[in-house]
Amino acid sequence: MTSAQSVTLLLVLAAVLVVASTLGSLLARFGQPAVIGEILAGILLGPTLLPDTVQRALFPADIHLMLSALGNLGIALFLFLIGQELTRHPPRRQTRAVLGTTFGSIAVPFGLACLLAATVVEPSGGQSLGHVLFLGTAMSVTAFPVLARIVRDRDLLGTPVAGISLASAAIGDLIAWSMLAVTIMLDSGRVQWRLLLVLPLLGVVFGVVRPLLDRWARWRARQGRTQEPYVVALAGLLSCGAATEWLGLHLLFGAFLFGLVMPAGPGGLGEPAGRRLRLVTEKLLLPVYFVVAGARVDLSRLGASGLAEFGAIMLVAVGGKFIGATAGAGWSGLDWRRSAVLATLLNTRGLTELIILTTGLQLGLLDQRLYSLMVLMAVLTTLMAGPLLRVLYPPRLVAADRDRTEAPISDQPPVPTEPAAGGVRA
């Protein structure tokens, strides 16, 4: 890298962080996740509003490549931390509600999206099995990190609805990454023989690496070693990411996989270390990723046909997820209001959706036009969550549900919206 390239990279990086942070903070003031502001920052700096000459001046090809590399590192770290989070807080309670909600919220939008991909939405490169399965996966995903942020910001923690939604989203993320891996395996353009090594890799990671790391963490705990094992965590996630990338999948799978097996707690990567890694990831690397991803969105040439396709995408994405999650939650015994609240929470797609869409664009499973429409869908479905929750789940109902968490939610009568003497029930 020349001196001029270094100066340009640093200036572009500083500008990206300032714009992303400003829009993220602005959206947060309106009760929206900061990631939406970061995606919008990329769209504002992209070809939707800026001519090609300005685009090339802002993001020269070599600088764009470097920013993409930084963003990919940030996503690898982020998925590692998500794996760690699932290890620390596995789903435990209300199994029937979690399973019913998870199945409905994935199966219905997946089926409708596959039908839409096979009949209406066709990429410029033509129809393929990989495209159909990918669109089904992208439509059925829920953004676990964004959902967790919404639950925390709206003070829903401690309610049964929060527990069910977080567990369903966590399981849904595992299923989504598995479905994406299968989609890539079935894609005719991949190197097939290497994919035969995926199962041996899983066997080594869970059967050999995980027990060795557990023993090593226990030994460190007995020795009283308090220094966090950053080197092991970083080297492990990068090595595992390199292995899955070589197998023809994506480095994100390896990073997520190592997060699932890296010990958490005494002797392993504790919560302080996770917070430090999350600080660097969320404040520096992820905004770069989202701005670069948003800059790939081009809505300037959609036309009437593009708007019609976008309407069909929104109908399937929102309607499929809402119908599936509501039906699944209702089957498990929840009343209509809590079922609708769960469906609203599980309709948030923001961050995880964008990662999957960017992966699909890189692998050729999406074209530029469809990628732009899907990113816009991800932004709008996430923006919808806050206003809908204010209507469906006002603070008085949240407080009432939190007071009743000791009893199974499905065995309880509907929560009154007015004092008992008033007689109106939710």
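Can you pull the percent of the stretch 177-307's accessible area that's carbon plus sulfur, 1.4 Å probe, other chains left in place?
65 percent
Sorted by packing (mean other beta-carbon atoms within 10 Å per residue), highest first, where do 49-58, 253-262 land?
Descending packing order for the listed peptides: 253-262, 49-58.
Report in % the part of the accessible area of the stretch 1-83 that belongs to carbon and sulfur, leaving out ligands and nucleic acids; probe 1.4 Å.
In the stretch 1-83, the share of accessible area belonging to carbon and sulfur is 73 percent.
Over the chain, give the accessible area per residue in Å² for a 1.4 Å probe, as an integer.
On the way: 18630 Å² over 426 residues.
Dividing the accessible area of the chain by its residue count gives 44 Å².
Ignoring ligands, DNA and RNA, please state the percent of accessible area on the stretch 340-407 from carbon and sulfur, probe 1.4 Å.
Using a 1.4 Å probe with all protein chains present, the stretch 340-407 comes out at 64 percent carbon and sulfur.
Using mean Cβ contacts within 10 Å as the protection proxy, how do 263-270, 392-399, 319-326 order, highest first?
319-326, 263-270, 392-399
Could you state the number of Å between the C-alpha centres of the stretch 211-227 and the stretch 264-281?
The distance from the Cα centre of the stretch 264-281 to that of the stretch 211-227 comes to 15 Å.
Sorted by mean Cβ packing within 10 Å, highest first, what order do the peptides 352-363, 232-243 take?
On the way: 352-363: 22.9, 232-243: 19.2.
Packing order, densest peptide first, comes out as 352-363, 232-243.
Counting only other residues whose beta carbon sits under 15 Å from that of residue 386, what net charge do I get with K and R as +1, D and E as -1?
Numbers: positive: 29, 149, 152, 154, 349, 390; negative: 153, 155.
Net of charged neighbours comes to +4.
Please report the net charge: other residues with Cβ closer than 12 Å to the Cβ of residue 176, K and R +1, D and E -1. Spell out each step's value before the answer.
Numbers: positive: 349; negative: 173, 353.
Summing Lys and Arg as +1 and Asp and Glu as -1 gives -1.
From a point 7 Å beyond the Cα of residue 390 in the direction of its Cβ, which residues of the stretch 130-161 have a backbone N at a distance under 18 Å?
Under cut-off, by backbone N: 150-156.
How much length is gained if the chain between residue 96 and residue 225 is pulled fully straight, taking 0.36 nm per residue apart and subtracting their Cα-Cα distance, in nm to one decimal?
42.3 nm
What's the FRET efficiency of residue 118 with residue 216 using the Cβ-Cβ distance as r and R₀ = 45 Å, to the nearest 0.05? Don't jump to the answer; show the numbers that get you there.
Working: r = 49 Å, r/R0 = 1.09.
Rounded to the nearest 0.05, the efficiency is 0.40.
Can you list the residues, at least 5 places off or on another chain, whose amide H is less than 5 Å from the amide H of residue 349, using H built in the peptide plane?
143, 382
Per the helix-only calculation at 222 nm, which mean residue ellipticity applies to the chain, given -39500 (n - 2.57) for every DSSP H run of n ≥ 4 and division by its residues, nearest 500 deg cm²/dmol?
That comes out to -23000 deg cm²/dmol.
What is the list of residues in the stretch 126-151 whose amide nitrogen lies under 12 Å from a point 7 angstrom out from the Cα of residue 202, following Cα to Cβ?
Zone members listed by number: none at all.
The values are calculated or read from the model by the stated rules, or taken from the named source; none is laboratory data. The structure presented is a predicted model; accordingly, all values stated were derived computationally and were not measured. For neighbour counting, all protein chains shown are included, and Cβ atoms are generated from backbone atoms with ideal geometry for every residue, glycine included. SASA here: full protein model, heavy atoms, side chains in, ligands and nucleic acids out. Shrake-Rupley method; radii C 1.70, N 1.55, O 1.52, S 1.80 Å.
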